[in-house]
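A short write-up of the structure that comes next.
The values are calculated or read from the model by the stated rules, or taken from the named source; none is laboratory data. Predicted model only: the values in this text are computed from it and were never measured. Every residue, glycine as well, gets a Cβ built from its backbone with ideal geometry; the counts of neighbours run over all protein chains shown. Heavy atoms of the whole protein, side chains included, go into the accessibility calculation; ligands, DNA and RNA do not. Shrake-Rupley method; radii C 1.70, N 1.55, O 1.52, S 1.80 Å.
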Number of protein chains: 2
Amino acid sequence: MNSPTTRPIMKWAISRRAQQLTSSAIREILKVTERPEVISFAGGLPSPASFPVAAMEAAVARVFADNPQSALQYAATEGFMPLREFVAKRYNVDVERVMITTGSQQALDLIAKVMIDPGSPVLVETPSYLGALQAFSLFEPEFVSIPSDEKGLIPEALTPELTAGARFLYALPNFQNPTGRRLPLERRQELVKRAKELGVLLVEDDPYGELSYSGNQLPSLLSMNPDGVIYMGSFSKILAPGMRLGFVIAPPDLHFKLCQAKQASDLHTPTFTQRIAYETIKDGLLEQHIPTIRELYGKQCAFMLDALKRHMPAGVTWNAPEGGMFIWVELPEGLDSMKILEEAVRRNVAYVPGAPFYAGSPRKNTLRLAFVTVSAERIEQGVSILGEVFREAIAQAAPQARAA
Amino acid sequence: MNSPTTRPIMKWAISRRAQQLTSSAIREILKVTERPEVISFAGGLPSPASFPVAAMEAAVARVFADNPQSALQYAATEGFMPLREFVAKRYNVDVERVMITTGSQQALDLIAKVMIDPGSPVLVETPSYLGALQAFSLFEPEFVSIPSDEKGLIPEALTPELTAGARFLYALPNFQNPTGRRLPLERRQELVKRAKELGVLLVEDDPYGELSYSGNQLPSLLSMNPDGVIYMGSFSKILAPGMRLGFVIAPPDLHFKLCQAKQASDLHTPTFTQRIAYETIKDGLLEQHIPTIRELYGKQCAFMLDALKRHMPAGVTWNAPEGGMFIWVELPEGLDSMKILEEAVRRNVAYVPGAPFYAGSPRKNTLRLAFVTVSAERIEQGVSILGEVFREAIAQAAPQARAA
């Protein structure tokens with residue numbers, strides 16, 4: 001994993017932040033999951049069956065028929081105005097607060113650029129989204145983990161001591177990556193109230209909010225306090241991730257700074273993809289399309305929950321998400337899901353260990369299962385194999401535990 | 001220009017780098033150039049007449065016919081392999097050194113992320129590309145200006161003292177933005193030789209290299225020392241900028257770090273635009289297409305040079321570029337092109353003052369003219385007006401100079 005071919009020796013003087021970037025051990029293990037015989041519950045990919053291909057093809061034709069030169073020219077940093085207006089209307093905010101980003105990953109980078117100095121405290125859930133931890137890490141913050149339970153972060157834990165000097169609190173209230181948890185309404189209300197009292201800016205990352213299986217949605221933090229929240233949205237899970245389209249809604253002062261940072265980062269998000277997205281959704285496609293994704297993902301989740309119930313040994317627990325793409329699994333204390341992954345991959349099943357999702361002390365007995373791109377048959381087969389692998393790991397650990 | 005509507009009061013604690021981001025005064029003045037009655041020589045936009053629209057439309061159709069799901073899915077951070085291979089072949093480098101970026105502006109951001117610590121010396125030409133200065137500035141380097149003349153940077157100026165501790169030297173050897181200068185062959189050779197001796201990494205930014213009017217091209221710095229150069233290329237000037245597609249060719253150790261930084265910045269460049277670009281150019285389109293851009297831009301440049309000769313008052317000088325999109329104009333010493341811009345814009349003609357392109361002491365009597373998107377008739381009209389404006393400014397300055 002540390003072979004010179006993947007980690008060449010560095011000849012040049014590079015930045016401190018770049019020195020700290022380490023290649024993820026998981027990434028190396030998971031490279032093998034590209035082999036077709038591997039049943040992978042590791043990827044965070046939406047199902048390609050959910051991409052509205054025909055509608056997008058028709059949209060492209062309209063863009064070429066209409067004004068292709070302008071779709072292919074440089075454009076404003078803030079994004080394509082009709083798409084910004086679409087977002088503003090959908091979220092009931094002033095269009096001047098909306099900026100289109102090159103995927104919502106870029107919004108994480110821009111927020112970090114604008115908000116984080118080396119050593120700045122940044123509050124994160126326990127666990128939190130790995131891609132956010134990575135984006136923020138480049139700007140060398142001091143992560144502060146917020147105590148969380150099976151319902152998500154615990155607002156009562158937000159004290160003046162814990163939040164002192166925090167540049168922001170980063171949260172995914174809906175079907176969080178990695179846990180699939182949804183923050184209950186009362187906690188949202190309490191979180192917004194405390195954040196306001198403590199003067200803490202909230203960064204609400206919401207790529208999965210539309211993916212409630214039942215269709216029932218909870219109010220966003222943004223809707224509760226627009227002047228105290230930077231909201232990040234994405235078209236990756238409701239249209240297609242290969243377009244790399246996201247958006248950020250921010251109070252005017254921060255919107256202005258985010259735009260300046262974006263201009264230095266990539267001038268603007270591709271005009272071409274923004275126009276296509278707008279043409280695809282402008283006449284109400286999402287209203288028909290999103291329910292089909294909810295139904296598909298709800299069914300896939302049910303397959304996996306059913307298989308887990310039948311195949312997991314005693315001592316293994318998991319949650320039943322109300323939406324999104326992930327289930328969070330806990331093995332008995334003392335087991336290390338990272339070590340067990342090597343055996344699972346040997347038997348052609350993959351998942352993502354939970355440890356890298358923790359900014360502070362990791363719970364090594366956790367792991368994330370993604371289920372939306374795998375067929376029912378392969379879910380059954382893969383979970384059955386995982387059940388065996390976990391059973392063996394538990395059996396092996398037991399004598400050691402007794403010996404210890 | 002400093003009204004609260006464009007610069008809201010900042011309520012939150014933000015990063016030091018974001019505090020330093022100032023809104024450009026030029027940007028505010030140039031906003032008026034969007035009015036159709038303004039003849040703008042200010043924009044850096046390629047001519048929409050040069051976009052191969054029909055070929056791109058056909059390419060999109062092939063992408064949808066072939067494998068649209070995969071063009072719409074998440075993909076590798078390094079970029080779409082066939083497009084990387086296309087670039088590798090064109091530049092005669094190992095494909096493992098090639099990464100696709102979201103426009104070459106992103107490459108500037110990634111290079112800054114990987115290479116610059118606060119206070120790191122970074123060598124730049126005098127003047128240099130404004131977008132690069134902005135991208136680098138976010139990472140708080142110490143800019144060191146390299147003495148330059150009308151042929152570009154002077155390699156002999158690179159001494160151990162000047163280059164001490166420099167993280168890299170940033171240069172645009174071909175038809176530089178803003179000056180239109182092309183670095184002669186002997187200077188390239190001397191630059192590469194000195195950089196090697198002094199252990200200075202070269203960052204070669206080359207968006208205009210293909211736009212030599214005569215078609216004669218000089219060897220890249222990359223070709224002279226692939227292990228000591230990060231090369232940045234762009235599809236913006238040979239295909240279309242609205243696709244936001246660029247690429248970076250780097251030694252393996254730096255390529256690896258740039259990929260890690262890119263993953264945190266936007267995961268990857270849109271799969272969709274990469275596929276379309278590849279489908280557009282894979283069968284040799286560039287060989288037919290680039291000569292048409294050269295011819296168009298060469299003609300446009302000739303129109304402007306001709307108009308300058310007829311309309312500029314004595315004391316104003318300019319260069320005759322061999323390629324690219326820009327002419328660099330010098331007014332008599334003591335004049336300030338920024339102040340004069342206000343009068344020019346009042347008469348509906350715009351340009352970009354030279355001062356912001358200087359990392360160190362600006363030469364305020366310089367300015368940049370862009371000519372590729374303006375009709376011959378409007379070039380004539382606009383240059384004629386500029387001639388009057390400059391003549392008046394010179395006349396006004398003369399008595400003051402005598403009085404002083």
Output for the stretch B:112-128, where each listed residue is under 24 Å from B:HIS255 (Cβ atoms) and either open to solvent by 10 Å² or more (accessible area, probe 1.4 Å) or facing chain A (nearest Cβ under 10 Å) (or both): B:ALA112, B:LYS113, B:VAL114, B:MET115, B:ILE116, B:ASP117, B:SER120, B:PRO121
Close pairs from the stretch B:322-340: first among the basic types (Lys, Arg), partner in a loop (DSSP other than H, G, I, E, B), Cβ under 9 Å, at least 6 apart: B:LYS339/B:LYS364
Test: residue in the stretch B:296-306 that is in contact (Cβ under 8 Å) with a residue 12 or more places away in the chain, of a type in the set (Gly, Ala, Ser) and more than 13 Å from chain A (Cβ to nearest Cβ): yes
Subset of the stretch A:149-159 [in a strand (DSSP E or B) and without any contact (Cβ under 8 Å) to a residue 24 or more places away in the chain]: A:ASP149
Residue within the stretch B:319-334 that is open to solvent by 40 Å² or more (accessible area, probe 1.4 Å), in a loop (DSSP other than H, G, I, E, B) and small (Gly, Ala, Ser) present: yes
Some residue of the stretch A:85-102 being within 18 Å of A:PRO251 (Cα to Cα), acidic (Asp, Glu) and facing chain B (nearest Cβ under 10 Å): yes
Yes/no for B:ARG347 being closer than 21 Å to B:VAL124 by Cβ, in contact (Cβ under 8 Å) with a residue 40 or more places away in the chain and not assigned by TED's automatic domain parsing to the domain that holds B:TYR213: no
Selection from the stretch B:129-145 of residues that are buried (at least 23 other Cβ atoms within 10 Å of the Cβ), closer than 24 Å to B:GLU197 by Cα and within 19 Å of the chain's Cα centre (by Cα): none
Restricting the stretch A:55-80 to residues that are of a type in the set (Asp, Glu) and assigned to a helix (DSSP H, G or I), the residue that is nearest to the other protein chains (Cβ to nearest Cβ): A:GLU57
Given (1) over 27 Å from A:LEU130 (Cα atoms); (2) open to solvent by 10 Å² or more (accessible area, probe 1.4 Å); (3) in a helix (DSSP H, G or I); (4) within 12 Å of chain B (Cβ to nearest Cβ), index of the condition A:ALA49 fails: (1)
Qualifying residue in the stretch A:132-144 (condition: closer than 22 Å to A:TRP328 by Cβ and acidic (Asp, Glu)): no
Single match in B:LEU211, B:LEU201 (criterion: buried (at least 20 other Cβ atoms within 10 Å of the Cβ), in contact with a Leu (Cβ under 9 Å, 6 or more places away or on another chain) and in the same structural domain as B:GLU161 (by TED's automatic domain parsing)): B:LEU201
Residues that are among the aliphatic types (A, V, I, L, M) and open to solvent by less than 10 Å² (accessible area, probe 1.4 Å), drawn from the stretch B:214-237: B:LEU221, B:LEU222, B:VAL229, B:ILE230, B:MET232
Check on A:ALA166, more than 21 Å from the chain's Cα centre (by Cα), of a type in the set (A, V, I, L, M, F, W, C), within 13 Å of chain B (Cβ to nearest Cβ) and surrounded by 16 or more Cβ atoms within 10 Å (Cβ to Cβ): yes
Hey, B:GLY209 away from every other protein chain (no Cβ under 13 Å) and assigned to a loop (DSSP other than H, G, I, E, B) or not: yes
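From A:GLN300, A:GLN288, A:GLN274, A:GLN263, grab the single residue that is crowded, with 24+ Cβ neighbours inside 10 Å and of a type outside the set (Lys, Arg).
A:GLN274
Does B:LEU162 satisfy the condition of being free of Cβ contacts under 8 Å to residues at least 60 places away in the same chain and in contact with a Lys or Arg (Cβ under 9 Å, 6 or more places away or on another chain)? It would help to see each step written out before you state the result.
On the way: free of Cβ contacts under 8 Å to residues at least 60 places away in the same chain: yes; in contact with a Lys or Arg (Cβ under 9 Å, 6 or more places away or on another chain): no.
No; evaluated as a whole, the condition is false for this residue.
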Residue ID - surrounded by the most Cβ atoms within 10 Å (Cβ to Cβ), chosen from residues in the stretch B:347-378 that are part of a helix (DSSP H, G or I) and under 22 Å from the mean Cα position of the chain (by Cα): B:PHE357
A:ILE100 being in the same structural domain as A:ILE281 (by TED's automatic domain parsing), touching a strand residue (DSSP E or B) at 6+ places or on another chain (Cβ under 8 Å) and surrounded by 24 or more Cβ atoms within 10 Å (Cβ to Cβ): yes
